[in-house]
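Undergrad: Can you read through this structure? Questions will come right after.
The values are calculated or read from the model by the stated rules, or taken from the named source; none is laboratory data. Because the structure is predicted, anything quoted here is derived from the model rather than measured. All Cβ positions, even for glycine, are placed from backbone atoms using ideal geometry, and neighbour counts span all protein chains on display.
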Amino acid sequence: MRSYSQEIKVHVYGVNNEPLAGATIATDHGLFAFTNVKGEAILKCQCDSLIVNVSFIGYQDYQQKVSMNSDLRIVLALSNLEMDEVEVNAQSDKERLQESSSTVSFSMESVSQLPYLLGERDPIKFIQTKTGVSTGTDGNNGYYVRGGGIDQNAIELDHMEFYNTNHLLGFFSMFSAEVIDRADFMKAGYPAHIGGRLSSALQLHSQSPNINEVNGSVSLGLLAANLNLQVPVVQEKSGLMISYRRSYLDLITQNLFSEGSEVQKSTNYRFSDATVKYEHRIGQNHTLSLIGFTGGDFNNYQSSRTFSNQIEWNTWNVGLTLKSILNPTTDLEFYVNTGHFKQNFQASISSFGIDLNSDIQNLKSGLLLYHSHGAHEWVYGLSWINRRFKPSQVDINTGADVFALDNSDYIYTSEWSASVDDNWQLNDQWRVGAGLRLSGFVHWGPFDRYLLQESEVVDTLSDRSGEVVKTYLGLEPRFRVNYLMNSSTSWKLSYDRTYQYIHLSPLSSVSLPTDLWVPSTSIVKPQNAHQLTIGFYKILDQWEINYSAEIFGKLLNNQMEWRNGTIAGYSDSPNFDYDFIFGKGHSYGLELSVVKKTGLVGGELNYTLSRTKRRFDAVNQGDFFPAKYDRIHDLTLVGSLYKGPWTFSGLFKLASGTALTLPTAKYLIGERVISDYSTRNGLRMPTYHRLDVSAVLKPKKHPNVEWAFSIYNVYNHGNPYFIYFDVQGNVDDYSLDVNLEQVSLFPILPSVSYQLDF
């Protein structure tokens, strides 16, 4: 182990004084470092001075000679490179060697590798191309990571929680690339202050408004228009950012097609989102930001025969963040935010109809303290979040009767955590990270627990407002090791223990795109998981590529499903949580990735081989069965070509079909149709595959103009959205015709969009 007596602390910022994470720092003494999330790095050397070189994609390189034992503050200028000179780089290859396993940090420039679908760059779509991450179908409400459910992914924008992030049934997300500056995505190797979910964490960081000059952009596509504006409020101190996006497909169909036409009935869809951010610098060491977000979707689909459905969801969030530099080695970040998510789902098949409503409100606050001491980087964290759930209000129409199954009483909960984490650079080869997170959960009154005996209520336990109904504690150790064999090879290992206190109850009996959020209670125990990951990373400089391989294993406890015969609360249970059953699960797999980032041609090949299974005593005779998000094979190929002012991109996706449960036979006994079901999730939808391409033009004579031409689903393959039975005929005449029907959302979709930057 080497000993260093002197050091330099480097702070790297962008043009709007936002910290740049992942900037590369090299010196004339052969030292390398990468800035952390605060834009900071520490260099240690037994010398009097260093020549420091700083580089970051999209910015001009910087060089300066610096004396030891000093602080260096650097503000990088934007680069003026032409497109054919660009290095497409989500993050430095050297940085990937040294970071934790299963972690991807990227900027919106990296997202430009993907085809511009309907003129949009989407950070969520970028994540879905990575190993261990899958969707499997169009219109999927989120993404699945290493066999986990949608609810097991934490998604935050500036610490604000999101429970549904999709626009256009999953075609793209609510997060406009014009709003997002950078993102960190973690599947394993979590620092201790990251928690609350079992499978992944996505932390999105919004742009800092321009405090020097007015700028913005306007874009028009076939589906939506987007306006972005940044305005200085107080020169070099504060700025305002406004972003608004709205689709207009519903407006077009309403005016071009007649009332009640097939086109109008099947294209009644609209979405919108808006972001407003104000940021103010208080001196050189403090920054205060206020951000607000709102977004939502509405869709109404009606078949000409027997099927119709309507889906609507809305979310809004408001957050305040204070970042302070307390001294050269200590930074503080405090945040508080609130949000509301609500959704509605309606569906009818023949004479049967269902109407579900649910919503969540939350108030969240937290504190993060970053402290550097020698070879150690400490992070201390505290967080608290209050939630108010309305799990479900369900109306069932069977044709003859209407049932109002009202579980609409609000449920009040609190979740908290305290954590400490240390990244220790032992020497040039070994980096060890260890952390401990203590989390807790409280279910508050008012709440009535109805005690049952043979399905009849025999007593009621009532807790008044403010009384504790149930509490849980979770101890979550984290451990990470990174061994740098040489300048081009590293091995990584991580272990994560995680707890999750809120749950998404899946409609597992059918394949539908919406589920219900519920909290832990005395019946619904917290989910928890153990995960072990081992990875190998290699850079081949002579080929300008890098490749990696990771194996993972995950054990999950207290997994939740609806009881057999229950669909979204369709029962007379007095408490909503009596309709659930609980079991265990496991997931394991191999992830392979090959990436070429530099030069005129770039590409990425990601393949995941994995299995995900669940076991419940009351389901499938107690045997393991595939989870509905079990993806045996998942392959993604991304390619890009830079030719002068043109950028050509392509994406091919191939994945195993979604597992689902459907009757294998139907029998007519008397006047009743009896269904004979297969084993749980014993059937699969057809294999999912799709090819997308795009071409983006930035004329050299008009560098502030961008034209994007794209084709989604080039060969017009009908991937299944969901599957249902179409029943024709009359039971009385013994003349029933039952057919399995597939609904596909998106055929081939060519599009063109125009963007003007100013």
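Undergrad: For a quick check of your reading of the model, give me the residue pairs whose first member lies in segment 440-451 and is in contact (Cβ under 8 Å) with a residue 12 or more places away in the chain and under 13 Å from W384 (Cβ atoms), whose second is polar (S, T, N, Q) and surrounded by fewer than 20 Cβ atoms within 10 Å (Cβ to Cβ), with beta-carbon atoms closer than 6 Å and at least 6 apart or on different chains.
TA: Every condition considered, the pairs that remain are V442/S414; V442/T471.
Undergrad: Next question. Here is a list of conditions, (1) more than 23 Å from H503 (Cα to Cα); (2) at pLDDT below 90, and S358 meets all of them except one; can you say which number that is?
TA: Of everything listed in (1) more than 23 Å from H503 (Cα to Cα); (2) at pLDDT below 90, S358 misses just condition (1).
Undergrad: Follow-up. Among E333, E312, which is the only one that is surrounded by 16 or more Cβ atoms within 10 Å (Cβ to Cβ), closer than 23 Å to Y163 by Cβ and in the same structural domain as T165 (by TED's automatic domain parsing)?
TA: E312
Undergrad: Residue check: is Y607 within 28 Å of the chain's Cα centre (by Cα) and not in a strand (DSSP E or B)?
TA: No.
Undergrad: Also: What's the number of the only condition in (1) buried (at least 22 other Cβ atoms within 10 Å of the Cβ); (2) touching an Asp or Glu at 6+ places or on another chain (Cβ under 8 Å); (3) not in a strand (DSSP E or B) that L202 fails to meet?
TA: Of (1) buried (at least 22 other Cβ atoms within 10 Å of the Cβ); (2) touching an Asp or Glu at 6+ places or on another chain (Cβ under 8 Å); (3) not in a strand (DSSP E or B), only one is false for L202: (3).
Undergrad: Also, I was wondering about something else. Taking segment 573-593 only, how many residues are surrounded by fewer than 19 Cβ atoms within 10 Å (Cβ to Cβ) and assigned to a helix (DSSP H, G or I)?
TA: 1
Undergrad: So if I check each of S439, S408, which one is at pLDDT 95 or above and of a type in the set (S, T, N, Q)?
TA: Among S439, S408, only S439 is at pLDDT 95 or above and of a type in the set (S, T, N, Q).
Undergrad: Which ranges mark the strands (runs of 3 or more DSSP E) fully within segment 264-344 that have 3 or more residues being in contact with a His (Cβ under 6 Å, 6 or more places away or on another chain) and at pLDDT 95 or above?
TA: It comes to none.
Undergrad: Tell me, yes or no, whether segment 686-696 has at least one residue that is farther than 22 Å from V133 by Cα, modelled with pLDDT of 90 or more and touching a helix residue (DSSP H, G or I) at 6+ places or on another chain (Cβ under 8 Å).
TA: Checked against the condition, which is being farther than 22 Å from V133 by Cα, modelled with pLDDT of 90 or more and touching a helix residue (DSSP H, G or I) at 6+ places or on another chain (Cβ under 8 Å), segment 686-696 yields no hits at all.
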